[in-house]
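Read the structure below first, then the notes.
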Amino acid sequence: MTIDLSSLHLSSLTLIGAVTLLSFYTGSAAKFVRLPSLIGYMLLGVLLGPSLLNLFGHETLDSLAFITSISLGFVAFSIGSELNVSSLKHLGPGIVSIILAESLGAFIVVFISVYLLTHNAAMALIFGAMAPASAPAGTVAVIHEYKAKGNLTKALYAVVGFDDGLAIIIFGFAAAIAKHLIISTSPTVEHESMALAMLLPLKEIALSLIVGGVLGFLFCTLANRLKNAREIFILAFGVIVLAAGISIRWHLSLIMTNMVIGFMLANMKNKSLVHKVTAPINEIMPLIFVLFFCIAGAHLEIGVLPSLGLVGIVYIISRTAGLIGGARVGAMLGHVDEKVKKYVGLGILSQAGVAIGLALIMKEDLDIINIKHNLPSASTIGASVLTTITATCIFFEIIGPICTKIALKKAGEINPEKSE
């Protein structure tokens with residue numbers, strides 16, 4: 001039952017201040033029962049969001065969207081700054097095989113499972129395309145909170161950093177084929193270029209890499225001329241936010257663009273500069289996680305859970321099996337450390353913003369197809385995908401960070417004092 005307190009008309013600043021204070025204690029309560037703090041932040045967000053108290057109404061959440069974008073920018077930069085080429089070489093080519101195998105594994109297993117259930121190839125392709133997308137913020141937050149270190153930690157940084165790029169490419173190809181299959185059922189079909197539609201995700205990734213590379217080079221050049229750590233932090237903040245803004249404006253991958261900037265920093269010869277940049281950023285990351293996950297929780301409308309249905313349950317099971325099984329196969333083929341082989345799949349289950357964003361894009365495209373070709377089935381599939389992905393993301397956003405903590409603890413990369 002929803003209790004609507006939106007009539008209190010609290011300002012955004014009041015809400016942000018209250019959320020910061022309340023999240024500190026809900027995060028502490030979560031740690032008290034040995035759960036990652038971000039679970040407490042998210043549950044507070046659900047409580048304050050449209051699902052229950054409605055203090056964070058839809059309009060307020062829209063006005064605070066910039067916080068989410070900035071937070072993702074910092075998370076992506078943080079991931080990139082950990083991807084040192086020499087460290088990745090130490091992990092070997094197994095990282096590449098893990099990323100390919102877990103992404104393709106999730107896509108294939110979900111596609112087959114949903115097709116066997118629905119016998120609808122287009123719907124199965126769309127659900128399969130959603131499966132590889134991860135939520136790197138959840139994994140990175142757990143790593144930061146427990147100060148995890150080791151080969152599994154490095155592998156998780158690399159996997160959650162790069163698999164979103166691969167997920168976008170897989171989505172582009174699968175969505176193009178799915179739309180072609182749906183349109184082909186219309187007697188008024190116009191033969192649209194499927195090849196052209198497939199080029200769009202490649203263009204998005206390529207431009208993200210170029211923009212990130214240019215901004216990364218600019219940042220490293222300017223940062224080299226500064227001595228004061230505070231000035232360097234101001235420069236880093238400006239570049240990260242600028243990259244986020246450009247990515248949103250030109251429909252690039254915000255995560256990929258900022259990750260490339262961090263990657264260029266990590267592979268500079270000036271290691272003291274890398275420390276001067278990352279040290280203050282690591283200090284403010286807990287505050288970023290507080291705001292990001294509370295707002296993310298507010299977006300999770302628990303009212304959609306009853307509509308999860310059998311497709312949603314199949315999606316949860318098959319995505320989990322595809323990611324864990326694919327990561328294990330990729331690790332075996334890549335001959336990585338035994339603990340990476342055992343636990344990397346367990347640490348990458350989180351799913352949220354990227355998947356919901358792709359589902360929204362798919363729904364809009366299918367609504368247009370319905371209008372253009374008079375195919376109500378297209379809008380039906382789009383609505384089903386959006387509702388199901390939103391509901392399953394609630395599950396993965398809660399269970400994912402817990403599984404990441406379990407994986408890191410079993411791998412012995414969490415300080416025993418931090419895990420209590």
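Being at pLDDT below 85 and crowded, with 24+ Cβ neighbours inside 10 Å holds for only one residue in Gly216, Gly212, Gly161, and it is Gly161. Looking across region 219-233 at every residue that is among the basic types (Lys, Arg) and outside any helix (DSSP H, G or I), the one that is modelled with the lowest pLDDT is identified as Lys227. Per the listing Gly334, Gly347, Gly322, the residue uniquely touching a Gly at 6+ places or on another chain (Cβ under 8 Å) and crowded, with 23+ Cβ neighbours inside 10 Å is Gly322. Name the residue that is nearest to the chain's Cα centre (by Cα), counting only residues in region 371-386 that are surrounded by fewer than 19 Cβ atoms within 10 Å (Cβ to Cβ) and in a helix (DSSP H, G or I). So, considering only residues that are surrounded by fewer than 19 Cβ atoms within 10 Å (Cβ to Cβ) and in a helix (DSSP H, G or I), the one nearest to the chain's Cα centre (by Cα) is Ala383.
Yes or no: region 54-61 includes at least one residue that is touching a Ser or Thr at 6+ places or on another chain (Cβ under 9 Å), part of a helix (DSSP H, G or I) and at pLDDT 85 or above. No: zero hits.
Pull out all pairs, ordered by first then second residue, where Cβ-Cβ is under 6 Å, the residues are six or more apart or on different chains, the first lies in region 404-419 and is at negative phi and at pLDDT below 90, and the second is of a type outside the set (D, E, K, R) and surrounded by fewer than 24 Cβ atoms within 10 Å (Cβ to Cβ). If the second residue must be of a type outside the set (D, E, K, R) and surrounded by fewer than 24 Cβ atoms within 10 Å (Cβ to Cβ), the pairs left are Glu413/Gly150; Glu413/Thr153; Ile414/Tyr146; Lys418/Tyr146. Within region 100-137, can you find the residues that are surrounded by fewer than 24 Cβ atoms within 10 Å (Cβ to Cβ) and among the β-branched types (Val, Ile, Thr)? Residues satisfying the conditions are Ile108, Val109, Ile112, Thr118. Does Met362 fit the bill of being touching a residue at least 40 places away in the same chain (Cβ under 8 Å) and either surrounded by fewer than 16 Cβ atoms within 10 Å (Cβ to Cβ) or of a type outside the set (D, E, K, R) (or both)? Answer is yes for this residue. I'd like to check something: does region 184-204 contain any residue that is crowded, with 16+ Cβ neighbours inside 10 Å and modelled with pLDDT of 85 or more? Within region 184-204, not a single residue is crowded, with 16+ Cβ neighbours inside 10 Å and modelled with pLDDT of 85 or more. Looking only at residues in region 219-233 that are surrounded by 13 or more Cβ atoms within 10 Å (Cβ to Cβ) and without any contact (Cβ under 8 Å) to a residue 12 or more places away in the chain, the one that is nearest to the chain's Cα centre (by Cα) is Glu231.
Listed here are the residues, each with its yes/no results for (1) in contact (Cβ under 8 Å) with a residue 60 or more places away in the chain; (2) under 18 Å from Ile316 (Cα atoms); (3) not acidic (Asp, Glu); (4) not in a helix (DSSP H, G or I).
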{"residue": "Leu83", "(1), (2), (3), (4)": "yes, no, yes, yes"}
{"residue": "Ile95", "(1), (2), (3), (4)": "yes, no, yes, no"}
{"residue": "Glu102", "(1), (2), (3), (4)": "yes, yes, no, no"}
{"residue": "Ser113", "(1), (2), (3), (4)": "yes, yes, yes, no"}
{"residue": "Ile126", "(1), (2), (3), (4)": "yes, yes, yes, no"}
{"residue": "Gly138", "(1), (2), (3), (4)": "yes, yes, yes, no"}
{"residue": "Ala148", "(1), (2), (3), (4)": "yes, no, yes, yes"}
{"residue": "Lys154", "(1), (2), (3), (4)": "yes, no, yes, no"}
{"residue": "Ala158", "(1), (2), (3), (4)": "yes, no, yes, no"}
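The values are calculated or read from the model by the stated rules, or taken from the named source; none is laboratory data. Here the structure is a predicted model, which means the values were calculated and not measured. We place every Cβ from the backbone using ideal geometry, glycine too, and count neighbours over all the protein chains shown.
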